[in-house]
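Worksheet: the structure to be examined is printed underneath.
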Amino acid sequence: MHYSARETTRRAHALTISPSSPALDVASKIHDPAATFQVNKDPPVSLKENGSLKENGNLKENGNAKSKTSTDDPDVVKVLRKATYKVSGDTQKLRQLCTEFDAKEEDYKKRIHDLETELRNHQNESTKTHDRDIREMENRMELVAQKLEAAERYMAGKEEECNMLKLDLDTLNEENKRLKENLNDMMLKLQDYEEILAQKKTLNEQYSRILEEHRVLSEDFNRERVLRKKYYNQVEEMKGKIRVFCRVRPITESERRRGSSGSSGSSGGGGAGDASIVVSAEDEYSVSLNTQRGGQRSFLFDRVFQEHEDQEAVFRDTHALVQSALDGYNVTIMAYGQTGSGKTYTMLGTPEEPGIAPRAFTRLFQLLDEGRARQEAAVSTYMLELYNDKLIDLLKPAVGADTDRLDIKRDKKGAVHVQGAAVRSVSSASELNRAFNEGLANRHTAATKMNVESSRSHLLIAVCLSITSKQTGSVLRGKLTLVDLAGSERVSKSGASSDQLKEANSINKSLSALGDVISALSSESSFVPYRNSKLTMLLQDSLGGTAKTLVFVNASPAAYNADETLISLMYATRIKQITNNVCKNADNKEITRLKSVISKKKGRD
Ligand SMILES: Nc1ncnc2c1ncn2[C@@H]1O[C@H](COP(=O)(O)OP(=O)(O)O)[C@@H](O)[C@H]1O
Ligand SMILES: [Mg+2]
């Protein structure tokens, strides 16, 4: 480092150069880096006067000035010279020292600079480390904070979850409570159920017992049923194969008027004290008639139906015969009486008040249905009209006047067949009723064509049954024949046309023949005159033998019909009472006696 002269001077002034301590001393101090420079406040006397130490020129000037004052003194000059030499030596030394010092200073500065650099580096390094540590710490802190935040979030989540779980727990507790109650209920129900099971078991046992009893009873019942049938038919036999019911119809307003006008001449009157009524039923078995001659005649029948007794009541006492037809009997139910007495009403009825025929058809199929498990049945029907001794097929109306084509035949077993007649197979009551109504319609058309009153012909409906037992394969054949006979009234010969007379004759003949046949059967005569009329020929297999016959005698209660009613009642009595069967007669008498006792008792009550 090079200092200017002034700077060097200034520095030299700053140095303490005491006379006692030579420059070596200073130099030694300068050499010692740790030495402290002490600058004396009082500059050395020699230098103080100049105030500054200059380079050679300046020093010379100052020296010249001085010399002007002290040149005179050679000692002084000598001293001065010496001092000057010394100073210049010192200066030299000082310069050297300064140079050294500068070098040292330079060195120190360098070292300081190095140290500072080192320090800075160190500081930088440590700052960096510190910063890194701080950053690391911050990162860690951030991480921890994040973790903390996450943990807090987690905790919050968990807390929420916990709350939810608490709610769930509450709900579950509720549910549990409810389930416990349910369980209790269930337990109670289970108890009930167990009781019911026990009861069921008991009931099952009872049921099994009952089933067994039922089986035994069914067997008994079947046996009983067979016996019942047998006994029923025996009872029917005892009652007689031929039974006669009397039915008195209600009086009409016009009959009442005719009766009260005195045309009948009856004085006695009927049971109701009405002059127009001459027939009255005393009880279920007897009927009395006030004759036109003023007398009173009583008649006994198997049953008497009074005017108030309806179709159902009549059928109640008739339907057993339908069962007989199913049991293999030939059954005939017929109605006898004068025109207007109620034959057609009784046998056929009206749509509102069906008579025996439609009711019997329904009953027949009811019974067949009941026995369907045990038997198979084939049912067929034919329907004929007998007018003036001519047969008319009502299920196949004749074309033109071809009425002779029908022929009555009997097979080897005695069964009657009408050759040429339509036989319609039916499988239900409604089918049978349809055939029946079709026949009635044809009858009406035929009657209109021939200008004939339907009451002047006999109507015959036959229902043939063939019943095969599923068990034994045996076949039972029965027949139910329903007959609505022509009016029994006499036709007065005066004023009657020849056709009317012929018609009346024919009716009379057939009804007489019927009466004869029934009488012969009742009296168990060896000869039964079936062949006397087509009517009896038609009924040959249904009257007599094992056949059962029921005859309704229909009677009008009107006074003006009294004569005809009397004839009808006598005809019916003849049928019923003429019999050779002593035993039966005795029975009948006893029955009659008992019946009268009963009716008298009833009357008293
Ligand atoms: N028991 C009865 N109850 C009510 N009305 C009857 C009864 N019997 C007959 N009738 C009525 O008397 C009239 C004549 O009867 P009907 O059966 O035609 O007589 P028939 O066939 O004997 O000529 C008919 O109008 C019928 O409805
Ligand atoms: Mg009639």
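The values are calculated or read from the model by the stated rules, or taken from the named source; none is laboratory data. In this text the structure is predicted, and so the values were computed from the model without any measurement. Neighbour counts are summed over all protein chains in view; Cβ atoms, including those assigned to glycine, are modelled from backbone coordinates with ideal geometry. Only protein heavy atoms, including side chains, enter the accessible area calculation; ligands, DNA and RNA are left aside. Shrake-Rupley method; radii C 1.70, N 1.55, O 1.52, S 1.80 Å.
Some notes on this structure:
- Unique residue being of a type in the set (A, V, I, L, M, F, W, C), buried (at least 20 other Cβ atoms within 10 Å of the Cβ) and within 15 Å of ligand 2 (Cβ to nearest atom) when the list is Leu459, Leu432, Leu480: Leu459
- Listing of helices (runs of 4 or more DSSP H) fully contained in the range 315-383 that carry 3 or more residues being farther than 27 Å from Arg456 by Cα: 320-326, 356-370
- Among the residues of the range 472-490, those identified as within 16 Å of ligand 1 (Cβ to nearest atom) and either hydrophobic (A, V, I, L, M, F, W, C) or farther than 12 Å from Asn508 by Cβ (or both) are Leu482, Val483, Asp484, Leu485, Ala486.
- Scanning the range 489-511 for residues that are outside any helix (DSSP H, G or I) and open to solvent by 90 Å² or more (accessible area, probe 1.4 Å), we see that the one that is nearest to Ala555 (Cα to Cα) is Arg490.
- Per-region count, the range 512-539, residues of a type in the set (Asp, Glu) and in a helix (DSSP H, G or I): 1
- Of all residues in the range 323-363, those satisfying the criterion of being open to solvent by 10 Å² or more (accessible area, probe 1.4 Å), at pLDDT below 95 and away from ligand 1 (no atom under 12 Å from the Cβ) are Gln323, Leu326, Asp327, Gly328, Tyr329, Asn330.
- Of all residues in the range 346-361, those that are at positive phi have Cβ atoms under 9 Å from Cβ atoms of residues that are at pLDDT 95 or above and outside any strand (DSSP E or B), 6 or more apart or on another chain, in Gly349/Gln311; Gly349/Gly355; Gly349/Ile356; Gly349/Ala357; Gly349/Pro358; Gly349/Arg359.
- The lone exception for Thr445 - which of (1) modelled with pLDDT of 95 or more; (2) open to solvent by 70 Å² or more (accessible area, probe 1.4 Å) it fails: (1)
- Residue in the range 192-200 that is of a type in the set (Phe, Trp, Tyr) and more than 30 Å from Leu367 (Cβ to Cβ) present: yes
- Leu465 vs. criteria away from ligand 2 (no atom under 16 Å from the Cβ), touching a Lys or Arg at 6+ places or on another chain (Cβ under 8 Å) and under 21 Å from Val331 (Cβ atoms): yes
- Filter pass, Glu100 being modelled with pLDDT of 80 or more, on the phi < 0 side of the Ramachandran plot and either open to solvent by 60 Å² or more (accessible area, probe 1.4 Å) or in a helix (DSSP H, G or I) (or both): yes
- Restricting the range 298-322 to residues that are under 25 Å from Arg574 (Cα atoms), within 10 Å of ligand 1 (Cβ to nearest atom) and of a type outside the set (Asp, Glu), the residue that is most open to solvent (accessible area, probe 1.4 Å) is Gln306.
- Residues that are more than 16 Å from Gly487 (Cβ to Cβ), within 16 Å of ligand 1 (Cβ to nearest atom) and part of a helix (DSSP H, G or I), drawn from the range 440-465: Leu440, His444
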